[in-house]
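What follows is calculated from the coordinates using simple rules that are stated; it is not laboratory data. These numbers come from a predicted model, not from an experiment. Virtual Cβ from ideal backbone geometry, glycine too; neighbours counted across all protein chains shown.
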Amino acid sequence: MYVSIDGARMREAREKKEYSLGDIATELGVSRRSVSKYEEGGTSTTIDIALKLEEVLDEMLIEALEFLNPESKEPPTLGGVEEVASDLEKGILSMMKEIGFEIFTTDHAPFSAVSFSRPKVKILTGISKSSEQMVKRARIMSSVSQVTNSKSVFVVNGSIKRVQIDSTVLIEKEELKKIRDPEEFTCVMEERIESGRKK
């Protein structure tokens, strides 16, 4: 998944910390020229590098993904449920669709789809069995959801020991089968987010 960097903000944060382009390049493991291009704007980078850059400069730098902006309409380039790769994804996204969500699948992203329940409510939706890779993806989804003003959820095939990773809510596949509509789904998410805040 590729994202755009706010070049002006990046330059300001870098100069404030008195880092050179070379310093940043070394931290990120990329060329000095790449760092220079990020600051010039118009160049995309991977979500992993962007998150590392935010960590180094202690600044929010990722620009909102266009199709996740509250004002934007869903683009025709996003696919439907039938276009996802795995049977697990197809099965769970079909369940989400039956509940009442409108589903748009994504390529080259840490999440499988974006689920829409009503205008301006967009949920980044990941699907996987429980694993270390799932935890990493859930953390990335949390960061992306903050930037894009979206919610994020991971539907897990199997049992889970926790109900939240950062701001990404975890829901078991078996739990999903019992949910009747988008409102109930959203309530479950909000309850788990609230529970996470109290800990």
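Miscellaneous remarks
- Order of 39, 183 under a 10 Å beta carbon neighbour criterion, fewest first: 183, 39
- Ordering 53, 61, 176 by the number of other Cβ atoms within 10 Å of each residue's own Cβ, fewest first, gives 176, 61, 53.
- Volume of the Cα convex hull of region 115-176, divided per residue and given in Å³: 68 Å³
- Computed about the Cα centre, the dipole magnitude for region 136-199 is approximately 400 debye when only Lys and Arg (+1) and Asp and Glu (-1) carry charge, each at its Cβ.
- Region 160-188 and region 1-16 have Cα centres spaced 34 Å apart.
- Set 122/173; 17/122; 129/177; 52/177 screened for pairs whose C-alpha atoms are more than 25 Å apart: 17/122; 52/177
- Taking the charge dipole of region 97-199 about its Cα centre, with +1 at Lys and Arg Cβ atoms and -1 at Asp and Glu Cβ atoms, the residue from 158, 143, 104 reaching farthest to the positive side is 143.
- Positive-end residue of 36, 51, 26, charge dipole of region 2-57 with Cβ unit charges: 36
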